[in-house]
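Worksheet: one structure, shown below.
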Amino acid sequence: MTIEQQRTETVRIDQERLWASLTELGEVGAYFDAETELMGVRRLALSDEDIAGRHLVVPWFEKAGLEVSFDRIGNVRARRPGLDNTLAPVVIGSHIDSVATAGRFDGCLGVLGGLEVIRTLNDHQVETLRPIELAIWTEEEGCRFGTDMLGSAVAAGRISEVDARALTDAQGISVGSELDRHGLVGDRPVPVAPPAHYVECHIEQGPILEAGGYEIGVVTGVQAILWHRLTIRGRAAHAGTTPDALRHSAVLAASLVTVKLDEMVKSGDYGALLANVGRFDTSPNLVNIVASEAIITVDFRNPDEEAIQRASADLLAYCWEVEERCGVTISSEITAHTPPVEFYDEVMDEVEQVANRFGLSNRRIMSGAGHDAGEMAAICPTGMVFVPGRYDGISHNPREYSTPKACADGINVLLQCAVTFANQE
Ligand code: GLV
Ligand code: MN
Ligand code: MN
């Protein structure tokens with residue numbers, strides 16, 4: 001351990017200040033959630049609420065002395081200079097866009113925890129060899145424009161700026177027009193120059209750490225994600241007069257596909273496959289008309305790339321059967337696909353060692369959810385720190401909750417990792 005490391009070893013973040021930041025950002029885009037009777041968060045990417053969140057947080061970055069810049073896809077990068085600013089930075093961060101039924105932690109912990117790291121380093125006058133940069137990635141969730149990890153994927157060069165700008169939401173509004181409307185297109189070019197390291201702290205969003213009583217998850221990687229959007233076209237017809245044999249119901253077809261997915265998951269033929277139909281839009285959506293159109297989305301997850309691809313192919317083969325049986329046409333578009341990602345041993349080892357030194361119980365864990373870190377892993381040594389959530393780790397739900405201590409534990413580990421890597425030559 002270097003002298004600088006020994007000195008920062010005793011530095012701890014301010015748990016109350018982190019919690020206050022999380023609480024304040026949680027007010028932006030807050031709505032009353034009828035299902036849970038709780039206040040939830042709705043800050044869909046590039047919506048007015050998302051921008052209001054940025055308008056709250058970016059001045060905090062500036063107040064902490066960070067030099068804020070934007071890249072061409074609206075990712076925020078805020079820099080704390082190092083002793084040698086010719087060296088590539090260590091990047092920490094996450095996202096503040098949310099799903100429509102979010103809690104206060106998903107993504108926000110990584111961003112506001114990153115800010116807490118910067119504030120703490122400032123408080124203790126800790127200097128690092130390399131700059132440390134704090135990132136807010138655009139449209140991590142993917143639920144508005146259909147492709148997840150969009151901003152970090154453009155930064156990493158997996159998706160082009162042109163293709164990203166052309167994506168549209170359900171109302172036909174494009175990423176590009178929203179970036180322009182909000183003045184978010186910055187001068188930093190994409191793809192970005194590779195950072196020295198990328199480390200992200202995030203809530204687990206699942207039940208494993210809580211069930212085992214673990215305080216920290218050392219994240220080994222991210223499972224594969226594959227999303228389809230299926231557009232099913234049938235024929236509108238009178239529900240009272242059209243004989244069954246003459247119907248072409250898009251809703252029946254969409255329902256058969258939905259049930260088939262559940263059977264595929266339960267069959268065990270695809271390993272640890274998960275499948276979700278999250279969007280189920282029908283048209284004209286009226287009681288006495290056989291539905292002429294349905295648009296559904298399918299979200300597959302699997303740690304095994306071969307199995308997720310096989311599930312995807314088998315789904316399409318089943319769609320042909322459904323076309324035949326229901327007299328409909330089904331067109332399919334793959335809107336997102338990321339193979340499994342493995343994080344770097346050096347980052348996992350560092351997270352584990354810090355957790356052990358701090359007496360925090362920990363285990364290695366693969367991420368079920370997608371993360372910007374998965375994109376960064378393509379361009380630099382990357383890893384993640386997970387903290388446990390309550391209530392089976394429920395997430396994408398206003399009940400999402402991690403305790404102030406759990407959040408602080410994760411960010412204390414993040415701080416040590418960031419300093420270690422930022423002092424590497
Ligand atoms: C991001 O939250 C995901 O869908 O995994
Ligand atoms: Mn997230
Ligand atoms: Mn999420």
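May I ask you to list the residues in segment 342-367 that are open to solvent by less than 40 Å² (accessible area, probe 1.4 Å) and assigned to a helix (DSSP H, G or I)?
Scanning segment 342-367 gives V347, M348, E350, V351, V354, A355.
Testing A153 on (1) within 16 Å of ligand 1 (Cβ to nearest atom); (2) of a type in the set (A, V, I, L, M, F, W, C); (3) assigned to a helix (DSSP H, G or I); (4) over 12 Å from the mean Cα position of the chain (by Cα), one condition comes back false. Which one is that?
A153 satisfies all of (1) within 16 Å of ligand 1 (Cβ to nearest atom); (2) of a type in the set (A, V, I, L, M, F, W, C); (3) assigned to a helix (DSSP H, G or I); (4) over 12 Å from the mean Cα position of the chain (by Cα) except (4).
Which residues, counting only those in segment 237-255, are of a type in the set (A, V, I, L, M, F, W, C) and buried (at least 16 other Cβ atoms within 10 Å of the Cβ)?
A237, A250, V251, L252, A253, A254
If the requirement is being buried (at least 21 other Cβ atoms within 10 Å of the Cβ) and of a type in the set (S, T, N, Q), which of these qualifies: S152, S160, S174?
S152
Would you mind finding the one in A373, A355, A369 that is away from ligand 3 (no atom under 16 Å from the Cβ) and either of a type in the set (K, R) or out of contact with any Cys (no Cβ under 7 Å at 6 or more places or on another chain) (or both)?
Matching residue, one of A373, A355, A369: A355.
Can you tell me which of E139, E127 is touching a Phe, Trp or Tyr at 6+ places or on another chain (Cβ under 7 Å) and not in a strand (DSSP E or B)?
E139
Is at least one residue of segment 387-406 closer than 30 Å to V259 by Cβ, hydrophobic (A, V, I, L, M, F, W, C) and within 16 Å of ligand 3 (Cβ to nearest atom)?
Within segment 387-406, one or more residues are closer than 30 Å to V259 by Cβ, hydrophobic (A, V, I, L, M, F, W, C) and within 16 Å of ligand 3 (Cβ to nearest atom).
Does T297 count as of a type in the set (S, T, Y), modelled with pLDDT of 95 or more, out of contact with any Lys or Arg (no Cβ under 8 Å at 6 or more places or on another chain) and open to solvent by 10 Å² or more (accessible area, probe 1.4 Å)?
The answer is no for T297.
Tell me which of these S174 doesn't satisfy, since it passes every other one: (1) within 30 Å of V328 (Cα to Cα); (2) within 16 Å of ligand 2 (Cβ to nearest atom).
The failed condition is (2).
Matching residues to (1) closer than 21 Å to S47 by Cα; (2) within 13 Å of ligand 1 (Cβ to nearest atom); (3) hydroxyl-bearing (S, T, Y); (4) in contact with an Asp or Glu (Cβ under 8 Å, 6 or more places away or on another chain):
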{"site": "R130", "(1), (2), (3), (4)": "no, no, no, yes"}
{"site": "A135", "(1), (2), (3), (4)": "yes, no, no, yes"}
{"site": "E139", "(1), (2), (3), (4)": "yes, yes, no, yes"}
{"site": "C143", "(1), (2), (3), (4)": "yes, yes, no, no"}
{"site": "M149", "(1), (2), (3), (4)": "yes, yes, no, yes"}
{"site": "E161", "(1), (2), (3), (4)": "yes, no, no, no"}
{"site": "A164", "(1), (2), (3), (4)": "yes, no, no, no"}
{"site": "A170", "(1), (2), (3), (4)": "yes, no, no, yes"}
{"site": "G176", "(1), (2), (3), (4)": "yes, no, no, no"}
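Any idea which residue in segment 15-44 is least open to solvent (accessible area, probe 1.4 Å), counting only those that are farther than 22 Å from I394 by Cβ and touching a residue at least 12 places away in the same chain (Cβ under 8 Å)?
Checking each candidate, the answer is S21.
Looking only at segment 261-286, count how many residues are over 25 Å from V99 (Cα atoms), out of contact with any Lys or Arg (no Cβ under 9 Å at 6 or more places or on another chain) and open to solvent by 60 Å² or more (accessible area, probe 1.4 Å).
3
Starting from segment 125-146, take each residue that is among the basic types (K, R) and list its partners that are in a loop (DSSP other than H, G, I, E, B), counting only C-beta distances under 6 angstrom and pairs at least six apart or across chains.
R130/G82; R130/L87; R130/P89; R130/A196; R144/L44; R144/A45; R144/D169
In segment 75-95, which residue that is charged (D, E, K, R) and buried (at least 16 other Cβ atoms within 10 Å of the Cβ) is nearest to ligand 2 (Cβ to nearest atom)?
R77
Please work out if Q309 is away from ligand 1 (no atom under 16 Å from the Cβ), in a helix (DSSP H, G or I) and more than 22 Å from N276 (Cα to Cα).
So Q309 does not fit the description; no.
What number goes with the only condition from (1) on the phi < 0 side of the Ramachandran plot; (2) at pLDDT 95 or above; (3) within 16 Å of ligand 3 (Cβ to nearest atom) that C143 does not pass?
All conditions pass for C143, except number (2).
Just wondering, is there one or more residues in segment 368-391 that are surrounded by fewer than 24 Cβ atoms within 10 Å (Cβ to Cβ) and not in a loop (DSSP other than H, G, I, E, B)?
Within segment 368-391, not a single residue is surrounded by fewer than 24 Cβ atoms within 10 Å (Cβ to Cβ) and not in a loop (DSSP other than H, G, I, E, B).
Anything in segment 317-332 that is within 19 Å of A275 (Cβ to Cβ) and without any contact (Cβ under 8 Å) to a residue 60 or more places away in the chain? List them, or say none.
A317, W320, E321
The values are calculated or read from the model by the stated rules, or taken from the named source; none is laboratory data. Here the structure is a predicted model, which means the values were calculated and not measured. Backbone-built Cβ (ideal geometry, glycine too); neighbour counts: all protein chains shown. Ligands, DNA and RNA are stripped out before the accessible areas are found, and what is left, the full protein with its side chains, is counted by its heavy atoms. Shrake-Rupley method; radii C 1.70, N 1.55, O 1.52, S 1.80 Å.
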